[in-house]
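Student: After the structure tokens below, expect a handful of questions from me.
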Amino acid sequence: MNFDFSDDLKELREQARKFLRERCSGAVVRRVLEGPEAYDKGLWSEIAAMGWTGAAIPEAYGGVGLGHLGLCVLAEELGSALAPVPFSSSVYLATEAILAGGSEAQKRAWLPKLASGAAIGTLALAEGAGKADPRRLRTAFRNGVLSGEKLPVPDGDVADLAIVVAQGERGPVLALVDLKATGISRGAVETIDPTRSHARIAFNDTPAETLGAAGEGEALLRRVQDRAAVLFAFEQVGGAQKSLQMARDYALERYAFGRPIGSFQAIKHKLADVYVATELARSNAYYGAWALACNAPELPLAAATARISASDAFFLAAKENIQVHGGMGYTWEFDCHLYYRRAKLLSLALGSTRLWKDRLITQLETANAPL
Amino acid sequence: MDFDDTAEEAEFRAGARAFLEQHARRREPGSGLVYRAGNESPEFRQRAKAWQAKKADAGYAGITWPKEWGGRGGTAIQQVIYDQEEGKYAVPRGLFDIGLGMCIPTLCTWGTQAHRDRYARKALRGEEVWCQLFSEPAAGSDLAGLRTRADRDGDNWVVNGQKIWTSGAHYCDFGVLVARSNFAAPKHKGLTYFFLDMKSPGIEIRPIKQISGQSHFNEVFFSDVRIPDSHRLGKPGEGWKVSLTTLMNERYTIGGRASVGIEDIFELARNIELDDGPALKNAAVRDKLADWFVSSQGLKYSHFRTMTALSRGETPGPESSIGKLVNGSKLQNLAAFALDLMEQGGVLTNPELVPLAGVFQQTLMTSPSSRIAGGSDEIMRNIIAERVLGLPADVRVDKDLPFSALPTGNVKERS
Ligand SMILES: Cc1cc2nc3c(=O)[nH]c(=O)nc-3n(C[C@H](O)[C@H](O)[C@H](O)COP(=O)(O)OP(=O)(O)OC[C@H]3O[C@@H](n4cnc5c(N)ncnc54)[C@H](O)[C@@H]3O)c2cc1C
């Protein structure tokens, strides 16, 4: 057994950490939080130039063929730094969808651009508040055109390409849309986490192509979600770890009643619980990474496990980080709220833990799963 | 990253499987919790000893122990592989955990080769069972507050005092003991570590009835018990250092155990009916089961991470404390929830009247102990906060004072 990342990938992690420390400081995140830009374009092009956007794309399609384990390592660092770039939409969702379901022509058309960062992709599923059940979507895809409204679409205001989940003639379908096409109106919307932009996109007889075989849209969507869940889990683990670190550092610095607050058991035990949740989430994410990288039949189960664990851990870590900081934690000036926002955003990005728990148990019911 | 066995590991696994297939029966749901329910009847002990001897003779006991201790000199990964395979079989478990997990490793680390030759092999074959005489009425979490006294008398030590919560003292052959040999020194500096024959004159063992109704642990009284100086481990006054060897192994023994109960609760949820069909179809039930599954998996893969570190020759850190912390509460909550699913019938304890032969009812009553024994939940959280996160130690008022000058509490004695 070798349940760890290779030395090469650990080296990659160190490089990524160092790069992000220099190029993605709190000030960079705050420029997007408070400014008009949807994302940090400079950071995005540097990340793309290093090949991160093409990490899991084969070289034949312009990627660097680093593989999914490498992508997991990068995701953790991006999550830790709260990188304000459309990485998750473009890389975990759009790229994975095309890799999983795209025709040769679709791959040739889009993967090289996604790899180089020249194009930004996203996946559009939700249609307002409430469960986005693929079988009850209002957005329709018929006779090669798409109509309906998607809200919120992560990075939808800046994306060049969207994979839109819609109602097709024979059930749910994934429609690939070039967002320069006709019949599209879109605009940014406000969300709980302004460091990651979201949009409303209305389609009106917009030309689109089917992604994947007819009648298999739902299965393909699940596959893409499973794959993305593992990658999101690494971002979440990165965020949880950073939140814990911030809380721990503050607990050593801040004195009350003549002692560091970190010497009070109420604080120590709280942080121990955050540590435990984060470690469990990390271990579950590692298992997800393994399943993702080798396309194991266990992937759906591993992905659901990783997602639930990571969503819960990040939110716990982020809210307790605010708590440990006291009044300071509730200020705009301190970074605690940035993690709190991101934690909730990511926990909803692919569906809530409620949905994933149901998915998990369904797996365990059907598969002869090892318990 | 992979879970694949190397060629050598695969060979080892095949050997372990063949051994188990030949000598043991496959496990059924529910049977995993039998030992934890306190099954320590003489009949059980007989079976456990017979199994242990077979295991030792085949080279599957003491897998990671060095050859000088009588072990296999194998790797941590081999131990994991063996445990994985053994976990699938209904074999008697747990009787030797304290002895082989804690006492003998301490004896072998601090004792002489003659000690190892005399005791390790017999313990490994289950011929002699060992107990741990650490806790006292006034010293549990605060072990270094113990007051059983050891006075030097020529080539012997004379021990007087009382130990408590000693698991298995009533059937054990030997024990390890920490006692205070210097009352004028600060609490951690006046201790000395021994091992002793539990049949020594002057030892009186009284069973304590637990909330489960069973008597798994005991009070042990010492009246002028003589221990030869050759049974001392470490120098006089350095008993604390030796104790730490035992305690580190304790965390590891307990923390490393695979998580339990998940398959049993699934089995129950599949078969018991709620208003709208099998419990497993109910949203609230699914939510809980998912949480427990996720934390069990998290522990399983944390364990794999620890094992990966071990196989590279790194020492597992205090991270391994999380297993015990997570499992204790989970077991308790899971048992309570299982009873809820049975509604009022959940109060029944006759194995013939309730699902899975009453394993949840038993677990309800035994699980509080897993949050106390071997370091309470609170102590575990302290350890994580201090040793992993680097937060300050609790404020201490007792560290540098002579032991005899320390304030003591006034808890009502058990009558
Ligand atoms: C089933 C079982 C088997 C056992 N077997 C053995 C055995 O074989 N040999 C042996 O030597 N001992 C054994 N023990 C004893 C066990 O190690 C002690 O019970 C344990 O260390 C707790 O000590 P205590 O019972 O004195 O509780 P206390 O130490 O009095 O603790 C009482 C409460 O105070 C809390 N507390 C104590 N100190 C702190 C602190 N610093 N910060 C926060 N909270 C604190 C504890 O967490 C607990 O909730 C066994 C116990 C059980 C339940």
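Student: Region B:275-356: which trypsin sites (Lys or Arg not before Pro) are DSSP loop and have at most 13 other beta-carbon atoms within 10 angstrom? Mind dumping the intermediate values first?
Tutor: Details: sites: B:Lys281, B:Arg286, B:Lys288, B:Lys300, B:Arg305, B:Arg312, B:Lys324, B:Lys330; in loops: B:Arg312.
Those that pass, being in a loop and sparsely packed, are B:Arg312.
Student: What is the gain in length, in nm to one decimal, between B:Thr408 and B:Ile211 on full extension, counting 0.36 nm per residue of separation less the C-alpha to C-alpha distance?
Tutor: Using 0.36 nm per residue and subtracting the Cα-Cα distance, I get 68.2 nm.
Student: For region A:214-257 and region B:335-414, write down the distance between their C-alpha centroids in whole Å.
Tutor: Going from one Cα centre to the other spans 31 Å.
Student: Further question on the same structure: Summing +1 for each Lys or Arg and -1 for each Asp or Glu, what net charge is found among the other residues whose Cβ lies under 9 Å from the Cβ of A:Val73? Numbers along the way, then the final one.
Tutor: Values: positive: A:Lys10, A:Arg13; negative: A:Glu76, A:Glu77.
My count for the surroundings of A:Val73 gives 0.
Student: If you don't mind, another one. Given the -39500 (n - 2.57) contribution per DSSP H run of 4+ residues, what per-residue ellipticity at 222 nm results for the protein assembly as shown, rounded to the nearest 500 deg cm²/dmol?
Tutor: Working: 22 runs with 340 residues, N = 786.
One gets -14000 deg cm²/dmol as the mean residue ellipticity at 222 nm.
Student: Here is a further query. Hey, fewest Cβ within 10 Å first, where do B:His231, A:His198 land in order?
Tutor: Working: B:His231 19, A:His198 23.
Ordered by Cβ neighbours within 10 Å, fewest first: B:His231, A:His198.
Student: Counting only residues 5 or more places away or on other chains, whose amide H sits under 5 Å from the amide H of A:Ala119 once H atoms are built in the peptide plane?
Tutor: A:Leu114
Student: For a quick check: sort B:Tyr301, B:Tyr119 by the number of other beta carbons within 10 angstrom, fewest at the front. If you can, show how the numbers build up before the last one.
Tutor: Working: B:Tyr301 26, B:Tyr119 23.
Taking fewest neighbouring Cβ atoms as first place, the list is B:Tyr119, B:Tyr301.
Student: With N set to the residue count of chain B, report its C-alpha Rg divided by 2.2 N^0.38 Å to two decimal places.
Tutor: On the way: Rg = 22.4 Å, N = 415, 2.2 N^0.38 = 21.7 Å.
After normalising by residue count via 2.2 N^0.38 Å, the value is 1.03.
Student: Quick one: Karplus J couplings for region A:338-350, per residue in order, coefficients 6.51, -1.76, 1.60, θ = phi - 60°, nearest Hz, x for Gly and Pro?
Tutor: Taking θ as phi minus 60°, the curve returns 5, 6, 4, 4, 5, 4, 6, 4, 5, 6, 9, 4, 10 Hz for region A:338-350.
Student: What are the residues whose amide H is under 5 Å from the amide H of B:Leu391, where those residues sit 5 or more places off or on another chain and H is modelled from the backbone?
Tutor: B:Glu386
Student: Place the peptides B:70-76, B:398-404, B:86-92 in order of packing, highest mean first, counting for every residue the other Cβ atoms within 10 Å and averaging per peptide.
Tutor: On the way: B:70-76: 19.3, B:398-404: 13.6, B:86-92: 16.6.
Packing order, densest peptide first, comes out as B:70-76, B:86-92, B:398-404.
Student: For A:258-265, what's the mean count of beta carbons from other chains sitting within 10 Å of each residue's beta carbon?
Tutor: On the way: counts 1, 2, 2, 2, 6, 7, 4, 6.
For this peptide, the per-residue mean of nearby foreign Cβ atoms is 4.
Student: Taking 0.36 nm per residue of sequence separation and subtracting the Cα-Cα distance, how much length would be gained by fully extending the chain between B:Asp57 and B:Arg25, in nm to one decimal?
Tutor: 9.6 nm
Student: Can you list the residues, at least 5 places off or on another chain, whose amide H is less than 5 Å from the amide H of B:Ala61, using H built in the peptide plane?
Tutor: Sorted by chain and number, the residues that satisfy this are B:Ala56.
Student: Could you tell me how many degrees, from 0 to 90 and to the nearest 10, lie between the Cα long axis of helix B:321-341 and the main elongation axis, the longest principal axis, of the Cα atoms of chain B?
Tutor: With rounding to tens, the tilt is 50 degrees.
Student: Once both axes come from the Cα atoms, what is the angle between helix A:265-293 and the longest principal axis of chain A, in degrees from 0 to 90, rounded to 10?
Tutor: Tilt of helix A:265-293: around 30 degrees.
Student: Another question, then. How big is the Kirkwood radius of region B:71-110, worked out from every pair of different alpha carbons and given in Å to one decimal?
Tutor: Numbers: mean 1/r = 0.0856 Å⁻¹.
Answer for region B:71-110: a Kirkwood hydrodynamic radius of 11.7 Å.
Student: Follow-up. So what are the ³J(HN,Hα) numbers for region B:352-366, from phi and the Karplus equation (6.51, -1.76, 1.60; θ = phi - 60°), rounded to whole Hz, Gly and Pro as x?
Tutor: Each residue of region B:352-366 in turn: 7, 9, 10, x, 6, 6, x, 5, 6, 5, 4, 5, 4, 8, 8 Hz.
Student: What list of ³J(HN,Hα) couplings, whole Hz, do you get for region B:137-154 from phi and the Karplus terms 6.51, -1.76, 1.60, once you set θ to phi - 60° and write x for glycine and proline?
Tutor: Calculated HN-Hα couplings, in order: x, 9, 8, x, 4, 8, 4, 5, x, 5, 10, 4, 9, 10, 10, 6, 9, x Hz.
Student: Specify the residue with the greatest mean-square fluctuation among A:Glu333, A:Glu209, A:Glu320, computed from a Gaussian network of chain A linking alpha-carbon atoms under 10 Å apart.
Tutor: A:Glu333
Student: Then there's this: Assign one of three labels to region A:218-368, namely rounded, prolate or oblate, based on the Cα gyration tensor with a ≥ b ≥ c the square roots of its eigenvalues; rounded applies when a/c is under 1.5, prolate when it is not and a/b is larger than b/c, and oblate otherwise. Numbers along the way, then the final one.
Tutor: On the way: a/c = 2.96, a/b = 2.33, b/c = 1.27.
Prolate.
Student: Using only the alpha-carbon atoms, how far is helix B:283-311 inclined from the longest principal axis of chain B? Give it as 0 to 90 degrees, nearest 10.
Tutor: Rounded to the nearest ten degrees, it is 50.
Student: Under 10 Å, Cα contacts only: if you run a Gaussian network model on chain B, which one of B:Lys199, B:Lys241, B:Lys54 comes out with the highest mean-square fluctuation?
Tutor: Taking springs between Cα atoms under 10 Å, the residue moving most is B:Lys199.
Student: Here's another thing I want to ask about it. Cα convex hull of the protein assembly as shown: mean projected area in nm², to one decimal? Don't skip to the end; give the middle numbers.
Tutor: Values: hull surface 145.4 nm².
If I average the Cα hull's projected area over directions, I get 36.3 nm².
Student: Given springs between every Cα pair under 10 Å in a Gaussian network model of chain B, which of B:Arg125, B:Arg116, B:Arg270 has the largest fluctuation?
Tutor: B:Arg270
Student: Moving to a separate point now. Using 7 Å Cα-to-Cβ label points, what is the B:Lys199/B:Glu8 separation (nm, one decimal)?
Tutor: Distance between label points: 4.2 nm.
We did not get these values from a lab; they are worked out from the coordinates using the rules stated. Keep in mind that this is a model prediction, so the values were computed, not measured. Don't worry about glycine lacking a Cβ; one is built from the backbone with ideal geometry, like all the others, and counts go over all protein chains shown.
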